[in-house]
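What follows is a single structure, written as structure tokens, with notes after it.
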Amino acid sequence: MTNQETPPNNASIANQFDEVAELLDVQNANPFRVQAYLNAARTLRSLDRAVADILASEGIEGLEQLPHIGSGLAATIDQIVHDGRLPLLERLRGETSSLSILTTVPGIGKRLAERIHEELGIGTLAELEQAAHHGRLDEVEGIGPKRLRGIRESLAGRFRRTPGRSSYRRKADIARDQTPISEILSVDEEYRTKASKRELPQIAPRRFNPTHESWLPILHTTRDDRHYTALFSNTARAHELGMTDDWVVIYRDDSGSGTQWTVVTARYGPLEGRRIVRGREVECRAHYDVTS
């Protein structure tokens, strides 16, 4: 459970879904997606049982039996109940920050979080845990055996939840690992093309924006039944290196997993000048049919 004394109630979650729908509508998202959040909000308000209780006794599968609550929205409700936050809503408001998520883990400060995010393309706790157990995290400078062990233990404690929670995490890993490189790059191309033509709504990010200017283009798009949100990176490192019009962060929202990728222009090596997905360079070489 979260650090909150009590999990959010149905009305609170419904209010968040209403706000998501309103912001998606303003930002020109798919109308059917907007309606899905409105329908889910109505379902939550009509229940005579708390969704937190359903999760505790029946897992995510119990939520999926409710009207207008599919697997993606069920996983989203689970995330709100256990983590106390809805990353999609934060993105829509312009509040998103991968670094703030990573720094909630003991042993990871701001500088280390920046290195993890920029070098590995990690922006969620599920991705961090996967990297910690698959030998990627210890490649980052500043992470020795002791710190790595502490990070693993902290994440293990956070993810030791209801039975349905493990199912949710498996879906997160599948969404990240099986989404084709070609699809991620097509979203990147669509975003940069529409942003350059000023065809996208712009939001005012909360970070690195003292004048509260609406300058950050945001794209909501789909590929079949998969929903994506794309924005230019608004991290300290992107600003420092002048890459706020090159680095694109793409989120897959339908899986309820918080899955994300960072797409950049390669500056050296066999892929120099091409758009690549950080952390999946080998697949990018295959996509472009480029040998190392």
Considering segment 199-214 alone, what residues qualify as being surrounded by fewer than 15 Cβ atoms within 10 Å (Cβ to Cβ), touching a residue at least 12 places away in the same chain (Cβ under 8 Å) and in contact with a strand residue (DSSP E or B) (Cβ under 9 Å, 6 or more places away or on another chain)?
-> ALA204, SER214
Would you check if there is a residue in segment 14-30 being in contact with a strand residue (DSSP E or B) (Cβ under 6 Å, 6 or more places away or on another chain) and open to solvent by less than 30 Å² (accessible area, probe 1.4 Å)?
-> yes
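Of the residues that sit in segment 274-285 and are among the hydrophobic types (A, V, I, L, M, F, W, C) and without any contact (Cβ under 8 Å) to a residue 60 or more places away in the chain, which one is nearest to GLY121 (Cα to Cα)?
Kept after step one, since they are among the hydrophobic types (A, V, I, L, M, F, W, C), are these residues of segment 274-285: 276-277, 282, 284.
Right, trim to without any contact (Cβ under 8 Å) to a residue 60 or more places away in the chain and you get 276, 282.
Details: ILE276: 11, VAL282: 14 Å.
The selected residue is ILE276.
Taking ALA238, is it within 22 Å of PHE208 (Cβ to Cβ), under 20 Å from the mean Cα position of the chain (by Cα), open to solvent by less than 10 Å² (accessible area, probe 1.4 Å) and free of Cβ contacts under 8 Å to residues at least 24 places away in the same chain? Show your work before the answer.
Numbers: within 22 Å of PHE208 (Cβ to Cβ): yes; under 20 Å from the mean Cα position of the chain (by Cα): yes; open to solvent by less than 10 Å² (accessible area, probe 1.4 Å): yes; free of Cβ contacts under 8 Å to residues at least 24 places away in the same chain: yes.
Considered against the rule, which asks whether it is within 22 Å of PHE208 (Cβ to Cβ), under 20 Å from the mean Cα position of the chain (by Cα), open to solvent by less than 10 Å² (accessible area, probe 1.4 Å) and free of Cβ contacts under 8 Å to residues at least 24 places away in the same chain, ALA238 comes out as yes.
Which of the helices (runs of 4 or more DSSP H) found entirely inside segment 58-155 contain at least 1 residues meeting this: at pLDDT 90 or above, in contact with a helix residue (DSSP H, G or I) (Cβ under 6 Å, 6 or more places away or on another chain) and open to solvent by 10 Å² or more (accessible area, probe 1.4 Å)? I'd like the intermediate steps shown before the answer.
On the way: elements: 71-83, 87-93, 98-102, 110-120, 125-133.
It comes to 71-83.
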Determine whether SER166 is open to solvent by 40 Å² or more (accessible area, probe 1.4 Å), at pLDDT below 80 and of a type outside the set (Phe, Trp, Tyr).
-> yes
Breaking point among (1) within 27 Å of ARG33 (Cβ to Cβ); (2) part of a helix (DSSP H, G or I); (3) open to solvent by 60 Å² or more (accessible area, probe 1.4 Å), for ALA195 = (3)
Only one of (1) open to solvent by 40 Å² or more (accessible area, probe 1.4 Å); (2) farther than 21 Å from HIS82 by Cα; (3) in a helix (DSSP H, G or I); (4) at pLDDT 85 or above fails for ASP177. Which number is that?
-> (4)
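Only one residue in LEU38, LEU44, LEU23 is more than 30 Å from PRO217 (Cβ to Cβ) and part of a helix (DSSP H, G or I). Which one? Reasoning before the result, please.
Details: LEU38 fails: more than 30 Å from PRO217 (Cβ to Cβ); LEU23 fails: more than 30 Å from PRO217 (Cβ to Cβ).
The conditions single out LEU44.
The values are calculated or read from the model by the stated rules, or taken from the named source; none is laboratory data. Since the structure is predicted, the reported quantities are computational estimates derived from the model, not experimental observations. Note that we place each Cβ from the backbone using ideal geometry, even for glycine, and neighbour counts take in every protein chain shown. SASA here: full protein model, heavy atoms, side chains in, ligands and nucleic acids out. Shrake-Rupley method; radii C 1.70, N 1.55, O 1.52, S 1.80 Å.
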